[in-house]
Structure formats: C-alpha cells, structure tokens
Amino acid sequence: MLYNDAPPVLKYETNYGHTKGALLFDQFQGFWLIHSIPHFPPFPEMGFGYPSTGKLYGQSVQCTTYSYKQFQKISQQLAYINPYVYNCSMPSAYYTDMAEMAQICAGKTVTVVPRRRLEKLISVKGETFLSFAKSHSYVDDIYAGWIAQTLKTDLLVETWQRQAHQLPSNCSLPYHVMNIRRVSLSELVTFSSYEDHSKWCVSWEYQTQWTCLGDLNRESRQAWRGGGLICTQNSAVYKAFRSAVAWYKHC
C-alpha cells in the first residue's frame, strides 16, 4: 500500500488525512514506512526515484519492521488517519485479519469511534513503539493536547509552519510543547524550521528520551485532518534528534 495526500502525478488531496507512507508485508512480516515527502514513492511501474520536490525542504522518514500480527493493529490505525491510497494490492486471504486495510484498499472510508487511538507496536527485534493516530473528528493539536500529556513530558516540536496558520508554543497544559525554530545537523548544515518539511518531536528532558516521527504539522488547519506519529524511547534515535535542536521558542 502506497499512500500520500500529495501523490505523484495526481492532484493534492485535502479530503483525506495529512499522512504519507508505504507498507509491504506477507504472512510472516513486513515494514511500515512513515514519511513527510510529497510525491513519494512513485507508482511501481514508474520505477524507483526520489522526487525533485522532496529536495527543496528537509524531510523525515521512519521505517520499522513488524511481524504479521502487528499489521492487524496497524490496519486499525490506518482507519483513523484515513490515508489517500494511490496504489494498493491486497490478496483476499488477508481480508479477515485486516478488514480496515481491505476497505481502505478498495477506496472506502472506514468509520471509527472514538476519534483517536493509541496502539503499542512491537518490532521484530522486540523494540516497543507507540502509535498515535487521530481522525479528522479529533479537532486539536495532537502534540499539545494528546502526545505530551500521554507521555507525561515536555516536548520540543519540529514541523513545517507557515506564518499565517502556525500554532505558538503552548504552556497552558501540565506538559508543555515548544516549537523548534532552528535545526543543526552539523556545523555546516543548519537551517530554520521554515526550510524543514519534516515532522518530529523529542522530549525536552534527556531522562525520558522520547522521539516521535509522523505526519502532522503544528498548524491550525491540520487539527481538522487525520494523521499521527510513532514514538520510541530508543536512546540512539533520541540522541540524534535531540542534538539537532539548535534553538526553540519557549512560551
């Protein structure tokens, strides 16, 4: 399954979740790739290629391998984020275990209750990930209203924010969310959040070591779109992303 609200060749879709990704699995295991890159991946018959539009801004990609049973949980998460699927192939043998994915693959919208869902996923190597998925009916900033309060940690958030619709840093709730304004990958590679299309956040305190990557920007209009993030406490991942925070805006 390939999904992207800004698919290759086709027009941009605002009636679906603001979500981009790809997944491939068989009866044993597979991978779920979540990313921020418009027009990617290309249609299979077009051959593999990275779009030129994905080079203008910074992007984020997360790929994790899961067992077959985990894809039954992922199927339910996909129903919440409501992806725009532009290429899909799903044999009927999987329909019973993954009814939601089968409906999405057939171009149908799955009705979900309640408005959001948190799922624990275990990778094939035994690492734990938390999948936060919200529908368009959950009209709130997913970072401040849900993720920070659930993880019980202040978050530093890096997303693509445009001046007219950006959300300010938020310290109104028990756990705060602060916008990253500058990213530094090295002394030679530094850029502002306006030049970065990626979507990720890290815990402000080093002790908790949370890192989340996903789909949604901290932007007012995206409260009305489906989407989500995958969070991990992998120390190596946390160290890499936390060290990239060059400057953030406190409340």
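Observations
- Of all the listed residues (174, 168), the sole one being touching a strand residue (DSSP E or B) at 6+ places or on another chain (Cβ under 9 Å), surrounded by fewer than 18 Cβ atoms within 10 Å (Cβ to Cβ) and part of a loop (DSSP other than H, G, I, E, B) is 168.
- Residues within region 111-132 that are of a type in the set (A, V, I, L, M, F, W, C), modelled with pLDDT of 95 or more and either open to solvent by less than 60 Å² (accessible area, probe 1.4 Å) or more than 15 Å from residue 214 (Cα to Cα) (or both), tallied: 6
- Which listed residue, of 218, 225, is surrounded by 16 or more Cβ atoms within 10 Å (Cβ to Cβ) and touching a Phe, Trp or Tyr at 6+ places or on another chain (Cβ under 7 Å): 218
- Number of the exception - residue 186 against (1) more than 25 Å from residue 78 (Cα to Cα); (2) in a loop (DSSP other than H, G, I, E, B); (3) of a type in the set (Ser, Thr, Tyr); (4) in contact with a strand residue (DSSP E or B) (Cβ under 8 Å, 6 or more places away or on another chain): (4)
- Only one of 193, 235, 203 that is within 23 Å of residue 121 (Cα to Cα) and surrounded by 14 or more Cβ atoms within 10 Å (Cβ to Cβ): 203
- Residue within region 98-108 that is crowded, with 20+ Cβ neighbours inside 10 Å, among the acidic types (Asp, Glu) and touching a helix residue (DSSP H, G or I) at 6+ places or on another chain (Cβ under 9 Å) present: no
- Residue satisfying all of: in region 10-23; out of contact with any helix residue (DSSP H, G or I) (no Cβ under 8 Å at 6 or more places or on another chain) and assigned to a loop (DSSP other than H, G, I, E, B); surrounded by the most Cβ atoms within 10 Å (Cβ to Cβ) among these: 16
- Check on residue 55, under 30 Å from residue 191 (Cβ atoms), among the basic types (Lys, Arg) and open to solvent by 30 Å² or more (accessible area, probe 1.4 Å): yes
The values are calculated or read from the model by the stated rules, or taken from the named source; none is laboratory data. It should be emphasised that the depicted structure is a prediction, and the values quoted were computed from it without experimental measurement. Virtual Cβ from ideal backbone geometry, glycine too; neighbours counted across all protein chains shown. For the accessible areas, the whole protein counts, side chains as well, though only heavy atoms, and no ligand, DNA or RNA atoms are used. Shrake-Rupley method; radii C 1.70, N 1.55, O 1.52, S 1.80 Å.
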